[in-house]
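Worksheet: the structure to be examined is printed underneath.
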Amino acid sequence: MRQLLLRAARAGVPLLRAGPGCPGEARLSHSDPQGWDGRGGEEEEEDVEEEGWPRLYPGHIPTSPLQKALLAAGSAVMALYDPYRHDMVAVLGETTGCLALPNLRDKMKHHPEGYRILQERPRIRLSTLDMSRLRGLPDGSLGREYVRFLEDNKVSPDTRMPPKFVDDEELAYVIQRYREVHDLMHTLLGMPTNMLGEVVVKWFEAVQTGLPMCVLGAAFGPVRLSTRKLQVLATELVPWAIQSGLNASCVLNVYYEQRWEQPVESLREEIGIFPPPAVRV
């Protein structure tokens, strides 16, 4: 139990106790924003060595099934309480994706473009993006609309958490890739980052990925919406998101970094995403 509490504290999972260090104080470390080439502290190395569980990639924290269940329960509670706690959403995704992640990895392995992504391991970060070039692309192109989305919603690709609790190096990259293309899903679906937009994207991603984290967000996210937005969500946006998710090919099989010049409408059609409903989100 002591080892689990240490791991939870390092990962930012709130501990259920009163006094200093209450829920929300600890956060996932940002010391290694890349998540693949950093090293943890000496204490973490010693803990892993003592238990005989090797680290499979930089930042990896080995956990048993019971520990994963406890981490999943704690992060689920906090994610439901505050959907914008991205650190808790990240932990929930990693500790509950044991079935969905291998399925996504297999889809990528059996697709030419997806296989290349797995082999080359591209990253979507400010350090890998030529923002000036993307801003200079024509309106309607994927690159220009992606940058417009980032700037209009004041978000950055560098805010995505590195994986810690996935006990397979390749699957850790799969969930990292999923996180880094999330903003591209907003761009392709034409959804903002407000609660309604996030719920719509989660419905699409739940159908596409099967990740329990996405299912949870899709199911419980609407409780914070107004009656009017709930009506729009139920009658137009959710049916469209589900149909698009079912009709679309796997969104992880697109090498977006090589599609910046492609028009968004053309890429939607290629993937199989239906045009967004003409409603204000």
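The values are calculated or read from the model by the stated rules, or taken from the named source; none is laboratory data. Because the structure is a prediction, the values reported are computed rather than measured. All Cβ positions, even for glycine, are placed from backbone atoms using ideal geometry, and neighbour counts span all protein chains on display. Just the protein is used for accessible areas: all its heavy atoms, side chains included, with ligands, DNA and RNA removed. Shrake-Rupley method; radii C 1.70, N 1.55, O 1.52, S 1.80 Å.
Against the condition open to solvent by 30 Å² or more (accessible area, probe 1.4 Å), in a loop (DSSP other than H, G, I, E, B) and under 21 Å from V254 (Cα atoms), how does D158 come out, does it pass? Even if it seems obvious, please write down each step before you answer.
Values: open to solvent by 30 Å² or more (accessible area, probe 1.4 Å): yes; in a loop (DSSP other than H, G, I, E, B): no; under 21 Å from V254 (Cα atoms): yes.
The answer is no for D158.
Listed here are the residues, each with its yes/no results for (1) of a type outside the set (S, T, N, Q); (2) assigned to a helix (DSSP H, G or I); (3) touching a Cys at 6+ places or on another chain (Cβ under 8 Å); (4) surrounded by 22 or more Cβ atoms within 10 Å (Cβ to Cβ).
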{"site": "L71", "(1), (2), (3), (4)": "yes, yes, no, yes"}
{"site": "E94", "(1), (2), (3), (4)": "yes, yes, no, yes"}
{"site": "C98", "(1), (2), (3), (4)": "yes, no, no, no"}
{"site": "L104", "(1), (2), (3), (4)": "yes, yes, yes, yes"}
{"site": "K107", "(1), (2), (3), (4)": "yes, yes, yes, no"}
{"site": "I124", "(1), (2), (3), (4)": "yes, no, no, no"}
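I'd like the residue in segment 136-155 that is over 20 Å from the mean Cα position of the chain (by Cα) and part of a loop (DSSP other than H, G, I, E, B) and, out of all such residues, is farthest from G190 (Cα to Cα).
G136
Go through V200, V207, V166 for me and flag whichever is more than 13 Å from the chain's Cα centre (by Cα), within 21 Å of R268 (Cβ to Cβ) and crowded, with 21+ Cβ neighbours inside 10 Å. Show your work before the answer.
Values: V207 fails: crowded, with 21+ Cβ neighbours inside 10 Å; V166 fails: within 21 Å of R268 (Cβ to Cβ).
When all the criteria are applied, what remains is V200.
Go through the residues of segment 174-187 one by one and say whether even a single one is modelled with pLDDT of 95 or more, of a type outside the set (S, T, Y), crowded, with 19+ Cβ neighbours inside 10 Å and more than 13 Å from the chain's Cα centre (by Cα).
Within segment 174-187 (the criterion being modelled with pLDDT of 95 or more, of a type outside the set (S, T, Y), crowded, with 19+ Cβ neighbours inside 10 Å and more than 13 Å from the chain's Cα centre (by Cα)), the answer is no, since none of the residues qualifies.
Tell me which residues, restricted to segment 73-88, are hydrophobic (A, V, I, L, M, F, W, C) and open to solvent by less than 30 Å² (accessible area, probe 1.4 Å).
Hits for segment 73-88 are A76, M78, A79, M88.
Condition check ((1) assigned to a loop (DSSP other than H, G, I, E, B); (2) touching a residue at least 12 places away in the same chain (Cβ under 8 Å); (3) touching a strand residue (DSSP E or B) at 6+ places or on another chain (Cβ under 7 Å); (4) of a type outside the set (A, V, I, L, M, F, W, C)) across all residues:
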| position | (1), (2), (3), (4) |
| --- | --- |
| L134 | no, yes, no, no |
| E170 | no, yes, no, yes |
| D183 | no, yes, no, yes |
| M213 | no, yes, no, no |
| V223 | no, no, no, no |
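Looking at V238, V254, which one is modelled with pLDDT of 95 or more and touching a helix residue (DSSP H, G or I) at 6+ places or on another chain (Cβ under 6 Å)?
Working: V254 fails: touching a helix residue (DSSP H, G or I) at 6+ places or on another chain (Cβ under 6 Å).
Matching residue, one of V238, V254: V238.
For segment 201-222, which residues satisfy the criterion of being of a type in the set (V, I, T) and over 16 Å from V89 (Cβ atoms)? Working first, answer last.
Step one: filter segment 201-222 for residues of a type in the set (V, I, T), giving 201, 207, 209, 215.
Residue satisfying the conditions is V207 alone.
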